[in-house]
Amino acid sequence: MRGRRLLLLAVILVGVVAPAAGLGAFVRATVALDVAARSASDRVHDASLASQLLETDLMQAGESAQYLASRSQVKDALRAADATKLGAELAAYEAASPQYAAIIGLDAGGRELALGVPNVGAIVRGASGDDRSSRDYYTGALAAAGPFVSGAYEPTTPLNPSLVAVSVAVRDGTDLLGVIAVTLTPAEIIDEVAKAAAQSGRAILVVDRSGHVVASTSDAYAPLSTLELPSLTDAVAGASGSTQAPLQGGERVLTYVPVTGAKWALYILDDPQVVLAVEHDLQSRLSIAASMAVGATLLLAVALVALYGRLSRRTDELARSQAALVASNAELQEANRHKSEFLSSVSHELRTPMNAIIGFTDLLDEQLRATATERQRRYFKNIREAADHLLDLINDVLDLSRVETGRIDLRSEDVDLEQLLEPVVAYGRRAGADRGIAFGSQAPDGVVHLDPVRIRQVLYNLVSNALKFTPEGGRVDLEARIAGRDLSVAVRDTGIGIPAERRDRVFGMFERVNEDRSRAKGTGLGLALSKRIVELHGGSIAFISVEDKGSTFEVQLPGVAVSTMPEGGTAEVASASR
Ligand code: ADP
């Protein structure tokens, strides 16, 4: 037992505790990796969001430029090189779209023809006439199929630190008429973008493909200054990711994403200390959760061992008490067998002298009847009654002990139901008439297979009980029924009944439950014996009783009917015979 427990402890240690500890270490390592990956992907997500906002602004500018380039007024003005007319068109649109820094109209050769600027109303600033044909917003627009986003450039007027232009070519069929460029102030756009990705110690940087700062949220990166940024080519080509590098004298965590459609890149610059602190915080929170899970597993394992210990102790105790029970059960059975054998032999020995006593009493009674006094005759009668009672008792005890030691043999045979019941019914009528009790009987025709002597003994007992416990003027009925192969016999009386609280004692040995309510004599063994005889036949006996109203005892003998005689018909032979 102890060895088994130790073995289980070892199994639990090796099978649960060790994996749990291993799992703990693994979870912690995974958590560390996961935290780093998670925080990098969080930053890339922030950067993508910022970049998308930027792209939306650029796209709107592109749509504005395309709209202007498609207008016939604009085309006419360009064709006629009418600076005033073009300027009026651009200024009118500009006035309605104050988010743009300016709208420039170039002629086919790249010369500035007209300019719409904000906050100046419809006043058209005279075109400078300067040659912009070397600017990328001119060359780019000619080469691109749709809107072209320029790099950052320094404006001619010092109103803004830097500008970008979104430009489209104006064409008449295949003829180039000019270029419309909508310019934006990156500093303004980035303000909105910064809000989306704000975090302490963080800077957002937008650069063009040459590393020129288009806009930034930090004064440390001046517009149009040039930066050496890691992964710039990749980012402009569409890649995103995170890396760490020294920048402007300090170590920075750089997260980059492309600004699609502009050949720009957006960088988020974080302080490594802040990133580390965030990661550390996340990691320690995850680690606490993981440690708690591991701890709980260990606790569970310990509880399991304790529980198993208790369980196996209980099992041992149970096994011991079961063994004791088995032993005492065997002893009890042995003692019961001895008792039955003793009763059987004692009863047997008593029967002979009892019969002698009864025989000689009758003889003396007969011979002395003429001369005996009244008192002597009463004595004879008392002796005879006492001897009868004693003989009944002895016979019942003998029968019971035979049933209990299995020494009773049923002598079953096919018997006509009427023949079976006849002596019982005759006895009922006679004894009923003696006591002023009406006796009725009812039974169908049929043949049953059973031990007629033993079943009669049961029915005698039921009828005699019914008559004993029914006062004069009452009624007793015996009713037999056959349903299929089942026989049932009910004995109903209108007698004193059995009090509810005594009903479960009725089939016990030497139980006389109505002694206080009736002067009827008895041994208290009849029903105990009847029950056993019926059970030997594979049947059952039951009763219902209402105090002072009467009782019905019913014997059920399933499968004993061999044939039934339907009214006016011949015997119907049951298919199975015994
Ligand atoms: P007994 O020899 O005393 O009749 P039984 O075993 O036949 O012994 O019956 C046990 C007891 O059950 C009886 O003493 C009686 O109190 C009660 N009993 C049996 N049959 C009836 C009945 N028909 N009406 C009332 N009481 C009954």
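Report the charge-dipole magnitude of segment 28-110 in Debye, nearest 20, computed about the Cα centre from +1 at each Lys and Arg Cβ and -1 at each Asp and Glu Cβ.
Details: 7 positive and 11 negative charges, 31 e Å.
Dipole of segment 28-110, to the nearest 20 debye: 140 debye.
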> Span-like helices, the chain: DSSP H, alpha-carbon axial extent 30 Å or more, mean Kyte-Doolittle -1.0 or greater, which ones?
Replying inline: 18-70, 272-368, 374-404
> Which value, in Å to one decimal place, does the Kirkwood hydrodynamic radius take for segment 77-219 when every pair of different Cα atoms is included?
Replying inline: 15.9
> Between Ile190, Ala152, Leu163, whose Cα lies farthest towards the positive end of the dipole of segment 146-208 when Lys and Arg beta carbons carry +1 and Asp and Glu beta carbons carry -1, centred on the Cα centre?
Replying inline: Ile190
> In µm²/s, what is D for segment 189-234 at 4 °C and 1.567 mPa s, where D = kT/(6 pi eta Rh) by Stokes-Einstein and Rh is the Kirkwood radius from Cα pairs?
Replying inline: 116
> In a Debye calculation with equal point scatterers on the alpha-carbon sites of the chain and no solvent, what is log10 I(q)/I(0) at q = 0.12 Å⁻¹?
Replying inline: -1.11
>> No solvent, one uniform scatterer per C-alpha: report log10 I(q)/I(0) for segment 167-285 via the Debye equation at q = 0.19, 0.21 1/Å, two decimals.
In response: -1.03, -1.19
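How many percent of Cα pairs in segment 294-387 exceed 23 Å?
Numbers: 2863 of 4371 pairs.
Roughly 65 percent, once rounded to a whole number.
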> Over the Cα atoms of segment 237-368, how large are the radius of gyration and the largest Cα-Cα distance (Dmax), in Å?
Replying inline: 48.6, 150
> Dividing the alpha-carbon radius of gyration of segment 56-118 by 2.2 N^0.38 Å (N being the number of residues), what value is obtained?
Replying inline: 1.05
>> Looking at the calculated P(r) for segment 378-495, what percent of the C-alpha pair distances fall above 19 Å?
In response: 57
> If you put +1 on each Lys and Arg Cβ and -1 on each Asp and Glu Cβ, how big is the dipole of the chain around its Cα centre, in Debye rounded to 20?
Replying inline: 2580
> Packing-wise, with mean Cβ within 10 Å as the measure, how do 57-66, 104-113 rank, highest first?
Replying inline: 104-113, 57-66
> Which trypsin sites (Lys or Arg not before Pro) from segment 234-294 combine a DSSP loop assignment with at most 11 other Cβ atoms within 10 Å?
Replying inline: none
> segment 334-428: percent of C-alpha pairs farther apart than 17 Å?
Replying inline: 67
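How large is Rg/Rh for segment 14-100, to two decimals, with Cα atoms and a Kirkwood Rh? Mind dumping the intermediate values first?
Numbers: Rg = 29.2 Å, Rh = 18.2 Å.
Rg/Rh: 1.60.
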>> I want to verify the translational diffusion coefficient of segment 519-563 in µm²/s; compute it with Stokes-Einstein, Rh as the Kirkwood radius over Cα pairs, at 37 °C and 0.692 mPa s.
In response: 266
> For Glu501 and Glu413 in one chain, what is 0.36 nm times their gap in residues minus the Cα-Cα distance, to one decimal in nm?
Replying inline: 27.7 nm
>> Could you tell me how far the Cα centroid of segment 47-112 sits from the Cα centroid of segment 214-287, in Å?
In response: 32
> Given the Cα atoms of segment 389-437, and with Rh set as the inverse mean 1/r over their pairs in the Kirkwood sense, what is Rg to Rh to two decimals?
Replying inline: 1.13
>> With an 8 Å Cα cut-off and a minimum separation of 6 or more residues, compute the relative contact order for the chain in percent.
In response: 9
>> Residues of segment 386-429 with backbone nitrogen within less than 20 Å of a virtual label 7 Å along the Cα-to-Cβ line of Leu364, please, listed as ranges.
In response: 386-392
>> Could you work out [θ]222 nm for the chain from helices alone, using -39500 (n - 2.57) per DSSP H run of at least four and dividing by all its residues? Round to the nearest 500 deg cm²/dmol.
In response: -17500 deg cm²/dmol
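Here, each number is a calculation from the coordinates, and none is a lab measurement. Values in this document were obtained by computation on a predicted structure and should not be read as measured data. Here the Cβ is made from the backbone with ideal geometry for all residues, glycine too, and neighbour counts use every protein chain on show.
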